[in-house]
Amino acid sequence: MEATHDHAHEDHSHHPTGLARYFFTTNHKDIGSMYLWFSLIMFFVGGFMALVIRAELFQPGIQIVNPDVFNQLTTIHALVMIFGAVMPAFVGFANWQIPLMVGASDMAFARMNNWSFWLMPPAATLLVGSFLVPGGAAGSGWTLYPPLSIQGGISVDMTILAVHIMGASSIMGSINIVTTILNMRAPGMTLMRMPMFVWTWLITAYLLIAVMPVLAGAVTMLLTDRHFGTHFFNAAGGGDPTMFMHIFWFFGHPEVYIMILPAFGIISHIIPTFARKPLFGYASMVYATSSIALLSFIVWGHHMFTVGMPAAGNLFFMYATMLIAVPTGVKVFNWIATMWKGSMTFETPMLFAVAFVSLFTIGGFSGLVLAITPVDITLHNTYYVVAHFHYVLFSGAIFSIMGGAYYWLPKWTGHMYDEKLGKVHFWLTTISFNITFFPQHFLGLAGMPRRIPDYATQFTEFNQISSVGAFLLGFSQLLFLYVIIKCIRGGAKAEAKAWEGAEGLEWTVPSPAPYHTFETPPAFH
Amino acid sequence: MSTAQDVYYVPAPSKWPVVGSTALFLLAIGMVSLLHWGKTPGMVFLAAGFAVLTYMLFGWFGNVIHESVSGKYNTQVDASFRWAMGWFIFSEVMFFAAFFGALFYARQMSVPILGDLDNQLIWPGFKPGWPSEGPYLTDAFKPMEAWGLPAVNTLLLLTSGVTLTWAHHALMENKRTQLLIGMAATIALGLTFLFFQATEYGEAAFTLSTGVYGATFFLLTGFHGFHVTLGTLMLIVIMARCGKGHFTPEHHFAFEAVAWYWHFVDVVWLGLFIFVYWM
């Protein structure tokens, strides 16, 4: 056994140093860190765009950017946040945690893993760089609906190719994750004994493999409609722009769950740790996650209640969408039941987790409101929708990412982060998040349309509150950056098991986790 | 070799991923240039991109083949390859599903709905049936007939599935001559299929811009043809490796992966034959 160890070490313990280490690495921890840093950078890039949008919306009228640039900012803000910030963050967590959690020596395909990451910077360059080409960035909205996306200039092609490259990255990353989970678990770790984060990523990766190719198909048809004379989305040739919406949202709705299921996984680790109780209803969590994933394939029409689908279609999509509330309710119930009578403490990860449960539920309920076809017909494309998806994406996905980062930073860096500053960051974020997005519900209910740089004067006050909140929210994130850098550079030494109530294989290796872990599978009980 | 078999093989740091990313970035820039800044810069970037991509494919696959024949892959690594190839083919199925979805939507929804409207503005003589004619036609509209070349092509691909399975059985029974004959037959059938497909394109009485029929026809059959081309290239590589004495009756997953891919391309064709040509 000793010889085995040495042999494996010889191959790759002498990794290159400096930049070459990261260009050529095959180490899941290096790649995880690169994903997380990339995500954080894109979070600030997308956040900057959001602040320009909120600055413009501080007053009615046009002050800072012209309507064209405003459209470009809303479009690229969304694409950057979805494909550049949220998804890579979860892939970063997957890279760091899945091999540690299942007791694997690395990801199943270590080289392809690095390719998945290194496709992201070129794609981001195409996407963000499209602001610099004549005509500016794509202004069609992130959904790239024709005919706007057909009429756009060079930047739409850059966006389409960026989507292709990010799609290839996601598919390869997902195949890697599925294979790692299915084939590299420590002996004794049956599927129903896997950590919840691993389960949620298995299902997420399945969704990604199923729908990213569909998005690739959709944008390919856009490209041929734009340049090669096809009429997929043009009624003048027997096509239909609505067809794009159907294909896009067949991808788009599972995509929404791709951005929330790993969040559910992270929260399902944090809450048991700080409630010092095992997760309530493990099996029901697995079944609920699977149900949400399966239902996600048959609800896409709720994004297009106003395009004139047959009434039977609208009804089907309404009821199917409402069904999703059932497994989601199971999850929220389980998290609360996990906390019930637990000996709880409220370190920063737990604060984010508790805020996640309550704020995500608000976002879930506003989703239920929007699922009702007749209600959606008045609320469609208003700020109510903007409020809804920021509650599920920011106080959902991003809160879980921040909570997860605080939770595992000790494992990654070997140091405890600054708890006091972490808590300040949490409260600033939570309060300013609600100042930013809660008034948007009222704006939407009162009829303010989204994606428009100007508005009627009666919307001014709520917009001003929202903009002030947004700037506070944006600048609070600099504190997050500071806490992370401070934690990397030093701090109290973290134990192997950094949290008293933490369970799982990742807490059996030292902190920081050595460059190579579990080169021979650990015993799992 | 016993030490290598005990641990899961994790490759050493490798330059191929960044080389591959560079290739795709160059291809993307080339594509954008070609569409907006003219032929010369576009072709330069595209050529560079393809060159780098080819370099990467040879280098990376070369590494993998070398690791495989030197016995670094244990049975667990083999299982990883099997899972991954299966999921990759699933992703390909979903890619074609997008285009089949477009075909079904056009046939069942968009063209019939246009028929309900005041449709004389769409193009003169618009009829909401399928195949739909489309604008810009100079000659009489003639959709592709199923029982000519496409039927022959169906027969060719189905036969190629049989010859490939025959070659696989030869490999498992270590009959190397039969293996090479089977591979050569499969490749020949694939190339004949591609030749007939090109002939059919040449004879088509409609184009990519002939309305939604032309669009769905050419994108579905075009992407399929592209996959057959890739499959044929993969078969040629595998045959060359067979000729060099690679693969044993027990270990030959590269062969099997290509066979899975070939059967997948075959099944897609059956869908095309039924829904694009025949019904």
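See the values below:
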read-out: For the stretch A:235-283, alpha-carbon Rg and Dmax in angstrom; value: 19.7, 63
read-out: Compactness index (Cα Rg / 2.2 N^0.38 Å), chain B; value: 1.21
read-out: Backbone HN-Hα couplings from phi across the stretch A:464-481 [Karplus 6.51/-1.76/1.60, Hz, Gly and Pro as x]; value: 5, 4, 4, 5, 4, x, 5, 5, 4, 4, x, 6, 4, 6, 5, 5, 4, 4
read-out: Length-normalised contact order of the stretch A:362-445 in % [C-alpha pairs under 8 Å, at least 6 apart]; value: 44
read-out: Förster radius 35 Å - calculated FRET efficiency between B:Glu256 and A:Glu503, Cβ distance, rounded to 0.05; value: 0.30
read-out: Mean Cβ count within 10 Å, highest first, over the residues of peptides A:185-191, B:13-19; value: B:13-19, A:185-191
read-out: Under Karplus coefficients 6.51, -1.76 and 1.60, residue-wise ³J(HN,Hα) of the stretch A:141-155 in Hz, glycine/proline x; value: x, 5, 6, 6, 5, x, x, 4, 6, 6, 7, x, x, 3, 4
read-out: Taking all pairs of distinct alpha-carbon atoms in the stretch A:328-388, Kirkwood radius in angstrom; value: 13.4
read-out: Around B:Thr216: net Lys/Arg minus Asp/Glu count, Cβ-Cβ under 15 Å; value: -2
read-out: Amide proton proximity set for A:His415, modelled H, under 5 Å, gap of 5+; value: A:Ala494
read-out: For the pair A and B, total buried accessible area rounded to nearest 100 Å², probe 1.4 Å; value: 5600
read-out: The stretch B:161-279: C-alpha gyration tensor shape, a/c 1.5 cut-off, then a/b vs b/c; value: prolate
read-out: Bins of 10 Å, starting at 0 and running to the largest distance - Cα pair percent for the stretch A:213-259; value: 28, 50, 18, 4
read-out: Vicinal HN-Hα couplings computed from phi for the stretch A:446-457 (Karplus, 6.51 cos²θ - 1.76 cosθ + 1.60; Hz; Gly/Pro x); value: 7, x, 6, x, 8, 6, 10, x, 10, 8, 5, 4
read-out: Solvent-accessible surface ranking, highest first, for A:Thr306, A:Thr457 at 1.4 angstrom; value: A:Thr457, A:Thr306
read-out: Accessible-area composition of chain B, carbon plus sulfur, in percent [1.4 Å probe]; value: 71
read-out: Fraction of accessible area attributable to carbon and sulfur, the stretch A:55-146 (%, probe 1.4 Å); value: 67
read-out: Accessible area in square angstrom per residue, the protein assembly as shown, 1.4 angstrom probe; value: 38
read-out: Gyration tensor (Cα) of the stretch A:132-269, equivalent ellipsoid semi-axes in angstrom; value: 36, 14, 13
read-out: Segments A:487-494, A:227-234 sorted - mean Cβ within 10 Å per residue, highest first; value: A:227-234, A:487-494
read-out: The stretch A:163-200-the stretch B:41-65 distance, computed between alpha-carbon centres (Å); value: 29
read-out: Sites A:Lys420 and A:Ala337, calculated FRET efficiency, Cβ-Cβ separation with R0 45 Å, nearest 0.05; value: 0.90
read-out: Helix-derived mean residue ellipticity, 222 nm - over chain B, DSSP H n ≥ 4, -39500 (n - 2.57), to 500; value: -25000 deg cm²/dmol
read-out: With at most 13 other Cβ atoms within 10 Å, longest stretch of chain B clear of loop GluC sites (Glu not before Pro) (DSSP); value: B:1-144
read-out: Tilt relative to chain B, helix B:211-243 - C-alpha long axis, 0 to 90 degrees, to 10; value: 20
read-out: Cβ neighbours within 10 Å from other chains - mean over A:164-173; value: 3
read-out: Reduction of at least 10 Å² in accessible surface, 1.4 Å probe, comparing all protein chains with the chain by itself, residues of the stretch B:92-111; value: B:Met94, B:Phe95, B:Ala98, B:Phe99, B:Ala102, B:Tyr105, B:Met109, B:Ser110
read-out: Exposure rank, largest accessible area first [B:Met239, A:Met318, A:Met350; 1.4 Å]; value: B:Met239, A:Met318, A:Met350
read-out: Isotropically averaged projected area of the stretch B:84-158, using the convex hull of Cα atoms (one quarter of hull area), nm²; value: 7.4
read-out: Residues in the stretch A:360-386 that a label on A:Ala311 would reach, taking backbone N under 13 Å of a point 7 Å out along Cα→Cβ; value: A:374
read-out: Gain in span if fully extended, A:Arg489 to A:Leu19, counting 0.36 nm per residue against the direct Cα distance; value: 167.3 nm
read-out: Distance from the stretch A:431-498 to the stretch B:208-274 (C-alpha centre basis), Å; value: 50
read-out: Contour excess over end-to-end distance, with Cα ends at A:Val369 and A:Ser291 and 0.36 nm allotted per residue; value: 26.0 nm
read-out: Under 5 Å, built H, 5+ apart or other chain: amide partners of A:Ala108; value: A:Thr180
read-out: Percentage relative contact order, chain B, counting C-alpha pairs under 8 Å, at least six apart; value: 18
read-out: Reciprocal mean inverse distance between Cα atoms of the stretch B:188-255 - Kirkwood radius, Å; value: 14.1
read-out: A:Tyr319-A:Ile62 pseudo-label distance in nm [points 7 Å out on the Cα-to-Cβ vector]; value: 4.8
read-out: Cα-Cα separations in the stretch A:249-400 greater than 18 Å, expressed as whole percent; value: 57
read-out: Förster-model FRET efficiency, 45 Å R0, A:Val326 and B:Tyr136, C-beta, rounded to 0.05; value: 0.30
read-out: Average silhouette area of the stretch B:43-194, convex hull of alpha-carbon atoms, in square nanometres; value: 15.2
read-out: For q = 0.17 Å⁻¹, Debye-computed log10 I/I(0) when each Cα of the stretch A:320-476 counts as one equal scatterer; value: -1.04
read-out: Residue-level accessible surface for A:Lys29, protein heavy atoms, 1.4 Å, Å²; value: 10
read-out: Contour excess over end-to-end distance, with Cα ends at B:Phe195 and B:Ala146 and 0.36 nm allotted per residue; value: 15.9 nm
read-out: Number of partner chain Cβ atoms within 10 Å, mean per residue of A:111-124; value: 5
read-out: Whole-Å semi-axes of the ellipsoid equivalent to the stretch A:469-522 (Cα gyration tensor, √5λ, descending); value: 31, 13, 12
read-out: Model label zone, B:Ala205; criterion: amide N under 16 Å from point 7 Å along Cα-to-beta-carbon; scope the stretch B:105-149; value: B:127, B:130-149
read-out: Kirkwood hydrodynamic radius over Cα pairs of the stretch A:305-349, then Stokes diffusion coefficient at 37 °C and 0.692 mPa s, in µm²/s; value: 241
read-out: Label-point separation, A:Trp427 to B:Thr229 (7 Å along Cα→Cβ), nm; value: 6.4
read-out: Per-selection metrics, the stretch B:1-54 (Cα): Rg and Dmax in Å; value: 17.9, 58
read-out: Debye intensity ratio I(q)/I(0), log10, the stretch B:103-144, q values 0.16, 0.26 Å⁻¹ (C-alpha model); value: -0.41, -0.97
read-out: Listed residue pairs exceeding 30 Å between alpha carbons, taken from A:Lys29/B:Lys72; A:Lys331/A:Lys493; A:Lys497/B:Lys15; A:Lys420/A:Lys497; A:Lys29/A:Lys486; B:Lys39/B:Lys142; value: A:Lys331/A:Lys493; A:Lys497/B:Lys15; B:Lys39/B:Lys142
read-out: Long-range Cα-Cα pairs in the stretch A:195-322 (distance over 21 Å), rounded percent; value: 52
read-out: Expected 222 nm ellipticity per residue - DSSP helices of 4 or more, -39500 (n - 2.57), all of chain A, to 500; value: -22000 deg cm²/dmol
read-out: Cut-off under 5 Å, modelled amide H: who pairs with A:Thr382 long-range; value: A:Arg450
read-out: Calculated Rg and Dmax of the protein assembly as shown using C-alpha coordinates, Å; value: 27.3, 83
read-out: Mean-position separation - Cα centroids, the stretch B:142-164 and the stretch A:243-272, in angstrom; value: 41
read-out: Mean separation of Cα contacts under 8 Å (6+ apart) over length of chain A, as relative contact order %; value: 18
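The values are calculated or read from the model by the stated rules, or taken from the named source; none is laboratory data. Everything quoted here is computed from the prediction, not taken from an experiment. Cβ coordinates were reconstructed from backbone atoms using ideal geometry, including for glycine residues, and neighbour counts include every protein chain displayed. Heads up: the accessible areas ignore ligands, DNA and RNA and are worked out on the full protein's heavy atoms, side chains in. Shrake-Rupley method; radii C 1.70, N 1.55, O 1.52, S 1.80 Å.
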